[in-house]
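The block underneath contains the structure these notes are about, expressed in structure tokens.
The values are calculated or read from the model by the stated rules, or taken from the named source; none is laboratory data. What you see is a predicted model, and the numbers here were worked out from it, not measured in a lab. So basically every Cβ, Gly included, is an ideal-geometry build from the backbone, and we count neighbours across all protein chains shown.
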Amino acid sequence: MRFAINHIAAPKLALGEFFAMCGRLGVTEVEIRNDLPDIVGTMDPRSVHALAAEHGITILSINALYPFNLWSGDLPDRAQRLADYAAECGAMAVVMCPLNDGSKVAHSQVVAALDAMKPILRERGLTGLVEPLGFPISSLRTKAEAIAAITEAGDDGTYRLLHDTFHHHLAGETEIYPNRTGLVHVSGVSDPGVAVADMLDGHRMLVDGADRLENVAQIRALLAGGYAGPFSHEPFAQEVHDLADPETALRSSMDHMRGAVS
């Protein structure tokens, strides 16, 4: 297995420092963000491209277009601007997250959004990574729902699934789709006192031996099913963000997962 690192794993590091840390960890694939930290809103994409080249880094994706499944208001403009940025900075994909506020979104609306987004991605040579969110209030909780919408929109390779181990567990989904998966996000929850239904992004740590999300089982199943892509660390917990030495913590988590999976 090989790892990638999402910038949210060390959000206090400037982009060059983040790239350098990844290099020391033997990681050459990363994800950048438009929220925490907001690289898209603070750096020229050509500078990001040059910095990645300097450090031998491949930018897998930008996180994220939200809410991708309601194609209205300013979303079409934001989608085009984010895709432009992704293409200019050398990113390979855009992560697409669904509405997550308790509102329902019809299947037909999801398909319409995928239809509308497709030419924007194709014209720039980008992949759309559709990430179901397993929260009870999510409008698109499962990968099965996402695949149905992608299939109806014309499954020509423009879209791939983003399998997030946290959201997979929260959704109670047992089926995995290794051959439809373009990227995997990994994070762990070790707090024994929080019920699964109450788990939030703030509970998401680096994966360790106390993990409750069955990351190891998910990773084994993905690899056994033929998934050959990277596993990208995406912890949201403030305790991780405040670490004085995220490099050591990431190395320890990677060592744990390699040992446990093998």
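Across the stretch 11-58, the number of residues qualifying as in contact with an Asp or Glu (Cβ under 7 Å, 6 or more places away or on another chain) and surrounded by fewer than 13 Cβ atoms within 10 Å (Cβ to Cβ) comes to 2. Annotation: of all residues in the stretch 127-170 being acidic (D, E) and within 11 Å of the chain's Cα centre (by Cα), the one that is farthest from A79 (Cα to Cα) is D164.
Screening the candidates H163, H167 for the property of being closer than 23 Å to P11 by Cβ and touching a strand residue (DSSP E or B) at 6+ places or on another chain (Cβ under 6 Å) yields one hit, H163. Within the stretch 241-261, the set of residues being within 16 Å of A210 (Cα to Cα), of a type outside the set (D, E) and either surrounded by fewer than 20 Cβ atoms within 10 Å (Cβ to Cβ) or in contact with a Pro (Cβ under 7 Å, 6 or more places away or on another chain) (or both) comprises S252, H256, R258, G259, A260, V261. A single member of L140, L129 is of a type outside the set (S, T, Y), part of a loop (DSSP other than H, G, I, E, B), touching a residue at least 60 places away in the same chain (Cβ under 8 Å) and crowded, with 22+ Cβ neighbours inside 10 Å, and it is L140. Among the residues of the stretch 231-262, those identified as outside any helix (DSSP H, G or I) and more than 17 Å from the chain's Cα centre (by Cα) are D242, L243, A244, D245, S262. Touching a strand residue (DSSP E or B) at 6+ places or on another chain (Cβ under 7 Å), in a loop (DSSP other than H, G, I, E, B) and not aliphatic (A, V, I, L, M): is that true of F135 in this structure? Criteria not met by F135.
Being closer than 13 Å to G188 by Cα and not in a loop (DSSP other than H, G, I, E, B) is the filter here; which residues of the stretch 209-230 pass it? Selection gives N215, V216, A217, Q218, I219.
Say whether the condition of being over 29 Å from A244 (Cα atoms) and not charged (D, E, K, R) is met by at least one residue in the stretch 15-36.
So in the stretch 15-36, the residues over 29 Å from A244 (Cα atoms) come out as none.
Checked against the condition, which is being over 29 Å from A244 (Cα atoms) and not charged (D, E, K, R), the stretch 15-36 yields no hits at all.
I'm trying to understand the selection: among the residues of the stretch 209-262, which are polar (S, T, N, Q) and closer than 22 Å to G26 by Cα? Write out each step before concluding.
Keep residues of the stretch 209-262 that are polar (S, T, N, Q), which gives 215, 218, 232, 238, 248, 252-253, 262.
Those that are polar (S, T, N, Q) and closer than 22 Å to G26 by Cα: N215, S232, T248, S252, S253, S262.
Any residue at all in the stretch 75-87 that is within 30 Å of R212 (Cα to Cα) and either in contact with a strand residue (DSSP E or B) (Cβ under 9 Å, 6 or more places away or on another chain) or surrounded by 14 or more Cβ atoms within 10 Å (Cβ to Cβ) (or both)? No, the stretch 75-87 contains no residue that is within 30 Å of R212 (Cα to Cα) and either in contact with a strand residue (DSSP E or B) (Cβ under 9 Å, 6 or more places away or on another chain) or surrounded by 14 or more Cβ atoms within 10 Å (Cβ to Cβ) (or both).
Looking only at the stretch 177-208, count every residue that is in a strand (DSSP E or B) and among the hydrophobic types (A, V, I, L, M, F, W, C) and tell me the total. I'd like the intermediate steps shown before the answer.
First pass over the stretch 177-208, keeping only residues in a strand (DSSP E or B): 181-186, 188, 205.
Going one step further and asking which of them are among the hydrophobic types (A, V, I, L, M, F, W, C), we end up with 183-184, 186, 205.
Within the stretch 177-208, residues that are in a strand (DSSP E or B) and among the hydrophobic types (A, V, I, L, M, F, W, C) number 4.
Evaluation of Y159 against the conditions (1) among the hydroxyl-bearing types (S, T, Y); (2) without any contact (Cβ under 8 Å) to a residue 12 or more places away in the chain; (3) buried (at least 21 other Cβ atoms within 10 Å of the Cβ) shows that the sole unmet condition is (2). Selection of the stretch 239-262 for residues being hydroxyl-bearing (S, T, Y) and either at pLDDT below 95 or in contact with a Gly (Cβ under 7 Å, 6 or more places away or on another chain) (or both) yields only S262.
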